[in-house]
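Student: Once you've had a glance at the structure underneath, I'll fire off some questions.
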Amino acid sequence: MTRKTGSADSIAAAKAGDDLAFASAAPVLLDTSWPPGPPHAKTLVRVAWNPEGLLVRGEMEDEDVTTLATADSQNLWELGDVFEIFLEAEGAGFYTEMHVAPGNHRLHLRIGHDDYEAMRQKQLAPSDLMVRPPGFESRSAVTPSGWTAEVRIPAALVDPNGRITPESRWRASFCRYDAWSDGRPPVLSSTSPHEQLNFHRRQEWRPLCF
């Protein structure tokens, strides 16, 4: 992952370990669950874990990989393609939202249960909830068929217990903005069966059991 410290050998070993973990993880497809909507490009998500945190890999088919992002902690969903991760630990009282764009720019928000409604009412701005610098590591790459994002998420960002155990219970949602460089509206998709086009509808996120 980017921003990882250590020797070239240790980084290569860590990547090899991540690749092995992803290879054994069952893929999950994103789907548009709210009508009406244009066809969406295929996205596969793989998730692996250890006591210290989650590994997430998004594989996006994309004929027009595009972003205007130039730095971390920008409103990436307004600037082009983005892979989004939403996580909430049982009893945490907040949830974590993480974005990765092509070029590996990142966004990290910590959102209390009352904060989203405050944002809808313009009482809070997303910038009020941003974690700077983002607390997770990521790596993105453009591929012949689209782009990928790999994310390493420390458990402490999501769960007050600071570790993952087989008894941990989280909810998760993996989402995507598939933008176009010609200005067409982005196509949105998610692993969650949202009745409305709103990624923050936590009641429709999927359980993540360890």
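Student: How high is the FRET efficiency between Lys42 and Thr70 when r is their beta carbon distance and R₀ equals 25 Å, given to the nearest 0.05?
Tutor: Numbers: r = 28 Å, r/R0 = 1.13.
Efficiency, rounded to the nearest 0.05: 0.35.
Student: Quick one: Val100, Val47, Val187, fewest Cβ neighbours within 10 Å first, how do they rank? Each step should come with its number before you reach the end.
Tutor: Values: Val100 28, Val47 20, Val187 16.
Fewest-to-most ranking of Val100, Val47, Val187: Val187, Val47, Val100.
Student: Let me ask something else. Restricting to Cα pairs below 8 Å that are 6+ residues apart, what does the relative contact order work out to for segment 8-209? Please round to a whole percent. Please list the in-between numbers first.
Tutor: Working: 446 pairs, mean separation 51.6, N = 202.
So the answer I get is 26 percent.
Student: Could you please rank Glu59, Glu88, placing first whichever residue has the fewest other Cβ atoms within 10 Å of its Cβ?
Tutor: On the way: Glu59 19, Glu88 23.
Listed from fewest to most nearby Cβ atoms, that is Glu59, Glu88.
Student: Please identify every one of the GluC sites (Glu not before Pro) in segment 118-199 that sits in a loop by DSSP and has no more than 13 other beta carbons within 10 Å of its own beta carbon. It would help to have the intermediate numbers written out before the result.
Tutor: On the way: sites: Glu137, Glu150, Glu167, Glu195; in loops: Glu167, Glu195.
Taking segment 118-199 and a limit of 13 other Cβ atoms within 10 Å, the loop GluC sites (Glu not before Pro) found are Glu167, Glu195.
Student: Arrange the following residues from fewest to most other Cβ atoms within 10 Å of their Cβ: His40, His105, His99.
Tutor: Fewest-to-most ranking of His40, His105, His99: His40, His105, His99.
Student: Computed from these coordinates, which is mean projected area of the Cα convex hull in nm²: (1) 11.9; (2) 13.6; (3) 11.3?
Tutor: Computed from these coordinates, mean projected area of the Cα convex hull in nm² corresponds to label (1).
Bear in mind these aren't lab numbers, they're just calculated from the coordinates by the rules spelled out. Since the structure is predicted, the reported quantities are computational estimates derived from the model, not experimental observations. So basically every Cβ, Gly included, is an ideal-geometry build from the backbone, and we count neighbours across all protein chains shown.
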